[in-house]
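Participant: Dumping the structure here so I can ask a few things about it.
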Amino acid sequence: MKDNTRRRIKLGIYAVLFSIVFGILSIFGIFIYLKSNLPSLENINDYQPYQVTKIYSDDGELVGELYKERRTVVPIEYIPRHVINAFLAAEDATFYEHEGLDYFGILRAAIKNLRPGAHLQGASTITQQTVKTLVVGPERSYVRKMREILLTRQIEQMLSKDDILYLYLNQIYFGAGAYGIEEAAKTYFGKSVRDLTIEEGAYLAAIPKNPSRYTLRANPKAAKQRQTYVLEQMQKNAWITAEELQKAQRAPITKPASTLRYLGVGPHYIEYVKKLLSEKYGEEEVLTQGLTVYIGMNARMQAAAHFAIRHGLEYLTRRQGYPGAALRIEVDKYSIYKKVLHEEFKSQLDKYEAYEGNNADSKKLIWDLSQIGAKTLADESKIAAAVQVVTLTEGQRVVALVDKVDAVKRKIWIDLGSIRASIDFKNLTWARRFSPTSTTPAPRVPSEVARIGDLVAVEIIAAPDIHTPKEKLELDLIPVPKAEAALIAIDPYSRLVRAIVGGYDENAGGLNRALQSKRQPGSSFKPIVYAAGLSEGVITPASICADTPILIRDPWTGKAWKPENYEDGRYDGNITYRTALMRSKNTCSVKLIEKVTPEKVIALAEAMGIESKLPENLTLALGTGDVRPIELANAYACIAAGGIYTPPVFIRKVVALDGSILEESQQEPVEVLSLAVAYVLTQMMRSVVESGTATKALVLDRPLVGKTGTSQQSRNVWFSGFSADLVATVWVGFDDNSPLGRVTGGSTALPIWIDFMGRALSRMPVKEFPQPPEDVVIVKVDPLTGQPSAASDAIEEAFVAGTEPTVKTQALPSIFIEDDTEEKY
C-alpha cells in the first residue's frame, strides 16, 4: 500500500514537472512564433519606408511625382515643437513617460473584448500605432495584438523616444493620398511642415484618428470639433497658453495656395520618363524608393506647347465644323441625374464654406462635370462622384450641362451648378455639321448645335463680380476637336527634350503621338534629301533645276510616275535649288534623289536619327516614309547643331535617396554632316521662312528656318524648324489617317509652331545663327540663274568651299523634257 502511494506521488511529481517543462517550452515556442518574421529595428537607419519619386524640369520646377505612397521623410529636427505637441495631445500625452504600453488600457480593452459581439479593440500608444502602421498591419486578431506588444517593447528598448516619434510622424496616413507629416502639410496647407502654425498642426494631428472623417472636405463640423479638442488638450498639458488657445480656435483653416503651378504640366512626358525609369530600375524601385529625377523638360515651354496645340486644334475645328457633344444624359434619366448632380454639388459647397473666404458668395464656385464618362452615365450610383467644384474665373474651362435650348430668344442655356448662363446663337454660326472635306451649311436654329442633356465643354469669357447680374456671365462653346496633333521641342546642342505634347487630351496612358505615331512627313522630309545632295556634291544652292512636268519610271519600283507640285500647283521652269526648296518643288526633289539615290538618302536619314523603315524608291523625296515626330525633330536638330547627331535626352540625371548619382546623361556626338553642309543647308532653309511657304513665321521677328510638309490628300500636315536655340516639330492629322480637308502644313501646323515658338522664346534674346565656318565661301550670284553676279539684285549665297561657281556663265538645263517615248519610259 505504501509502495502504491509512493508510486502515485512520484508519478504526480513527474506529471507536474512535465507540465512545467511543457508549459515553459510551449510559452517559449509561442514566443518564438510570435517573434518570427518581426522586423529588426535596432537602428533608426533600418527605417526605409515607401517614398515618392520627384521629377524636376531643367528649369527647376517640380513637374511630376511617382509613388505607391506619397511620402517624403523629414528629420525630427524639421518638425516644430508645437506640431509634435499637437500629436502628443491628440494621441498620447504621456508618451515620454511610459515604456510603450498602456497596461491598464490593454486590460480594460481585453475585458471589453470578452463581451458577446464585441469588436476586437485595444489601447494604443504612439509606439503601438507606429508598430501597427509600420510592420504589423491593421488586421484585428489576438495573435496580431501579441506581436504588436512584443515589437512595441523591442522598439522602446532599441530606440529613443524622438526616434519613435520620427517613425510615427513620417509613417502615418493623413487622407487625400498623403503619407507622413511633410506631404500632409503640403497637401492641406501648401507648405512644408517647418512652416506650420499651431492651429494647422492641431488640424493635422486630428486627422489620423479617422482620415475619412476628420477633414474639412469630409466633415467640416467633425473636423473643427476634433481640432478644438486637440488644442484644448495642448492647453491642458501647458504646451500652449490660454491666449494661444483662443487665437488658434478663432483662426480659420485656409485652403492651400498652390505653389506648384507646373506639377502635372506634361503628363505624356512624365509617363514616358516613368517608362524609361521602370525599364532600367524596375517599377517597384521607381514607385517606392524616393528617387530624384532631373529631366530635359522646360516647364514654361511645356505649358506653351500645350496651349499652342489646344488653341491650334480648336481653331481647325471651327473651320471643319462642330463634332457635337461627346456625351448626353438621355431624356428619361435627365431629371433624376440632374437632381443627383445638384445635391452632390450643394453638399460640396457646404464643405467649401468651412474654408476662409469661400462662404462669401456661392456663385464664385461652379461645377465641372468632365469626370463623367460613358460608364458613369450607365450607373446612377457613380454620377455623384464625378462632380468637381472649381472657381468661377475668366479663362476657366469646364464641362457643363445644357439645360435649355431656347428657340425664341435663340440661346442655349448652360447649367453651371450654382448659376445658369446662356450662349447667344449668333456666336455659334461656326458650329456647322462636322465635315473636314466639304462645306456644310451653317446652323439655322440652336437645336442644330445642342440638345437638352448634352455635356458640353465651355470657357468662361467674362466672369461677373458679386454685384453683377448673372446675365453678364459670358460663355463660349469650346470646339473639342476630332483631329489630333503632336509637338516636340529639342535643344539642338544639349539634345534635352524641352517639351512633348502627344495629343489634345493628354491623359496619362493615352496615345503619345509625338513619340509613338508614325506618319508621312511630306515635304518636311526634303531637307534630309537636300542634305544628302549637298554632302555628295551633286548640287549647290545655286545649281539649276528644271521645274517642269516629268514622267519617271522609278527603277526601284519599276512603275511610271508623274510627280506634281502640291504646294502651288505650278511649274516655274529653270530655278535654283535654293528656290526649289523655298517653294517646295516636288519635281526638283525627285530629280535630286534620283541623282543621289534613295540608298544614300536613307543612310543619311538613319545617321540623323530616323529609326523608322523608309521606302527605297524615288517617292521618298516627297516624304512617303512614315516617321515619328521625335525622329524628324532630332534630324532637324542635327542640322541646327552643325551636323552633329546625339540621341534626344529625356532624363538628365537620376539621384538615389542617399544622394548617390545612379545615372547622368553623357553625350557621344557623331558628325553626320560636315559643318559646312549644315551651314549651307540652314541658309537655304531660311528662304522658306523669309520668302517661301512659311512667311507667317516672320511675325516672330528673329532668325528662323523650317520646312512645311503636307502628305497626299492632306492626311498629315507638318511644320518643323528651328531658331538658334530651339528645334520644334508639329504634326496635325486624324488618328485614322483620313483627309483633313483643304489644309496644308503652312495653314495648320505652322500657326501652332509659331504660337509655341513665340511663347517659348519670349524670354530668350534674339540670336543669329553661327557665322560661316572656314570651309564655306560666300559668293554673290544672280538669284534666277545662280551665276556669279555683281548686279544690284544679286544675293549672297553660301557654298561649301570648292563647289562655288567661278565662271560668268554656266549651261542651264533645258526646260524641255525629252520625248516621252515608250522606249525611254
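Participant: Within the range 273-293, work out how many residues are closer than 11 Å to residue 64 by Cβ and either open to solvent by 30 Å² or more (accessible area, probe 1.4 Å) or at pLDDT below 95 (or both).
Facilitator: Qualifying residue count for the region: 1.
Participant: Given the conditions (1) open to solvent by 10 Å² or more (accessible area, probe 1.4 Å); (2) touching a residue at least 40 places away in the same chain (Cβ under 8 Å); (3) farther than 15 Å from residue 772 by Cα, report the number of the one that residue 671 does not fulfil.
Facilitator: (2)
Participant: When only residues in the range 337-356 that are basic (Lys, Arg) and open to solvent by 60 Å² or more (accessible area, probe 1.4 Å) count, which is modelled with the highest pLDDT?
Facilitator: Here the residue is 339.
Participant: For the range 175-190: of the residues being among the small types (Gly, Ala, Ser) and over 18 Å from residue 81 (Cα atoms), which is surrounded by the fewest Cβ atoms within 10 Å (Cβ to Cβ)?
Facilitator: 177
Participant: As an exercise: evaluate residue 713 against (1) assigned to a loop (DSSP other than H, G, I, E, B); (2) at pLDDT below 95; (3) over 19 Å from residue 533 (Cβ atoms) and give the number of the one condition it does not meet.
Facilitator: Here residue 713 clears every test but (1).
Participant: Six or more apart or on different chains, Cβ under 7 Å: which pairs go from a residue in the range 301-320 that's surrounded by 20 or more Cβ atoms within 10 Å (Cβ to Cβ) and modelled with pLDDT of 95 or more to one that's of a type in the set (A, V, I, L, M) and in a helix (DSSP H, G or I)? Could you list them?
Facilitator: 301/760; 304/760; 308/752; 309/752; 312/752
Participant: Do you know which residues across the range 654-666 are open to solvent by less than 70 Å² (accessible area, probe 1.4 Å) and farther than 17 Å from residue 288 by Cα?
Facilitator: 663, 665
Participant: In the set 571, 566, 577, which member is touching a strand residue (DSSP E or B) at 6+ places or on another chain (Cβ under 7 Å), of a type in the set (Phe, Trp, Tyr), touching a residue at least 12 places away in the same chain (Cβ under 8 Å) and surrounded by 20 or more Cβ atoms within 10 Å (Cβ to Cβ)?
Facilitator: The unique qualifying residue is 577.
Participant: If you don't mind, there's one more thing I want to ask. When you check residue 810 against the structure, is it modelled with pLDDT under 95, open to solvent by 40 Å² or more (accessible area, probe 1.4 Å) and under 24 Å from residue 695 (Cα atoms), yes or no?
Facilitator: It is false that residue 810 is modelled with pLDDT under 95, open to solvent by 40 Å² or more (accessible area, probe 1.4 Å) and under 24 Å from residue 695 (Cα atoms).
Participant: Quick check on this structure: which one of 194, 213 is more than 23 Å from residue 80 (Cα to Cα) and open to solvent by 40 Å² or more (accessible area, probe 1.4 Å)?
Facilitator: Exactly one of 194, 213 is more than 23 Å from residue 80 (Cα to Cα) and open to solvent by 40 Å² or more (accessible area, probe 1.4 Å), namely 213.
Participant: Residues in the range 747-800 that are outside any loop (DSSP other than H, G, I, E, B) and among the aliphatic types (A, V, I, L, M): how many?
Facilitator: 14
Participant: Counting just the residues of the range 400-419 that are in a loop (DSSP other than H, G, I, E, B) and surrounded by fewer than 19 Cβ atoms within 10 Å (Cβ to Cβ), which one comes out farthest from the chain's Cα centre (by Cα)?
Facilitator: Only one residue tops the list, namely 408.
Participant: Next question. So which of 699, 727 ends up being over 27 Å from the mean Cα position of the chain (by Cα) and on the phi < 0 side of the Ramachandran plot?
Facilitator: The conditions single out 699.
Participant: For the range 435-449, state whether one or more residues are over 17 Å from residue 322 (Cα atoms), in contact (Cβ under 8 Å) with a residue 60 or more places away in the chain and either open to solvent by less than 10 Å² (accessible area, probe 1.4 Å) or part of a loop (DSSP other than H, G, I, E, B) (or both).
Facilitator: No, the conditions are met nowhere in the range 435-449.
The values are calculated or read from the model by the stated rules, or taken from the named source; none is laboratory data. Keep in mind the model is a prediction, meaning the values are calculated, not measured. Cβ: placed from backbone, ideal geometry, glycine included. Neighbour counts: every protein chain shown. These area figures cover heavy atoms from the full protein model, side chains too; ligands, DNA and RNA do not enter into them. Shrake-Rupley method; radii C 1.70, N 1.55, O 1.52, S 1.80 Å.
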